[in-house]
1. Computed FRET efficiency, Cβ-Cβ of His58 and Asn31, R0 41 Å: what is it to the nearest 0.05?
2. Round to the nearest 0.05 the FRET efficiency obtained for Leu5 and Lys38 when R0 = 41 Å and r is the Cβ-Cβ distance.
3. Using 7 Å Cα-to-Cβ label points, what is the Ser107/Thr135 separation (nm, one decimal)?
4. Need one value: the accessible area of Asp8 in square angstrom, 1.4 angstrom probe, rounded to the nearest 10.
5. Mind scanning Lys23/Lys142; Lys23/Lys52; Lys75/Lys106; Lys15/Lys75; Lys75/Lys142; Lys52/Lys125 and naming the pairs with a C-alpha gap bigger than 28 Å?
6. Mind grabbing the accessible area of Ile22 for me, 1.4 Å probe, Å², rounded to tens?
7. For volume of the Cα convex hull per residue in Å³, several values are listed as [x] 116; [y] 174; [z] 132; flag the one computed from this structure.
8. So with the 1.4 Å probe, I'd like the accessible area per residue for the chain, rounded to whole Å².
Amino acid sequence: MAIFLDLDNTILPSKPAYDYAIKQLAFDWENKGIGSNKEFTNIYLSSREIVKKQLLHHTSNRLRLLCFKHMLAEKNSGISTHDMEFLLWLEDRYYFHFETSLQNAKSNDPNWQNLISYLEKLFQKHSVWILTNETLRTQLMKLKAFFPPSIKWN
């Protein structure tokens, strides 16, 4: 028998991790002297909506890198959208904060070890599959940050 599980906000606290990563990235933006964290948040939310509309019905509409690229064009502060180092820095910092949030959630959840024990037993008897509508890279990062290597996903 195959068992299908939804990863986001069922097994993993994804929504709080996304929110935390953006909030922390806004502080990084401010600390780098680009603008205020409030400005970052406003530009990010606006850019995210535009990218989602432009890529409606396509999974790439969730790529933060596309939002960050659009943000730099919107900011129009002398930072070129061709400045790949800065774009990659934004993406790097985002995923750093994202993984930190997941690891903190795991550390602060007394039921986490019970979940792992249950999943390990389930995997011994059944084929377990993860369903998702998120990009592969993000999902693999979630699995790596939250679960021990003993969990082998199909």
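The values are calculated or read from the model by the stated rules, or taken from the named source; none is laboratory data. Model, not experiment: these values are computed from the prediction. FYI the Cβ positions are ideal-geometry reconstructions off the backbone, even for glycines, and counts take in every protein chain you see. Calculation scope for accessible area: heavy atoms of the full protein, side chains included, ligands and nucleic acids excluded. Shrake-Rupley method; radii C 1.70, N 1.55, O 1.52, S 1.80 Å.
1. Working: r = 33 Å, r/R0 = 0.81.
Working from the Cβ atoms, E equals 0.80.
2. Values: r = 38 Å, r/R0 = 0.92.
Once rounded, the FRET efficiency stands at 0.65.
3. Here the answer is 2.7 nm between the modelled labels.
4. Taking all protein chains as shown, Asp8 has close to 30 Å².
5. As for pairs spanning more than 28 Å Cα to Cα, those are Lys75/Lys106; Lys75/Lys142; Lys52/Lys125.
6. Answer for Ile22: close to 20 Å² accessible.
7. Step by step, volume of the Cα convex hull per residue in Å³ for this structure corresponds to label [x].
8. Details: 9190 Å² over 154 residues.
About 60 Å² of surface per residue is accessible.
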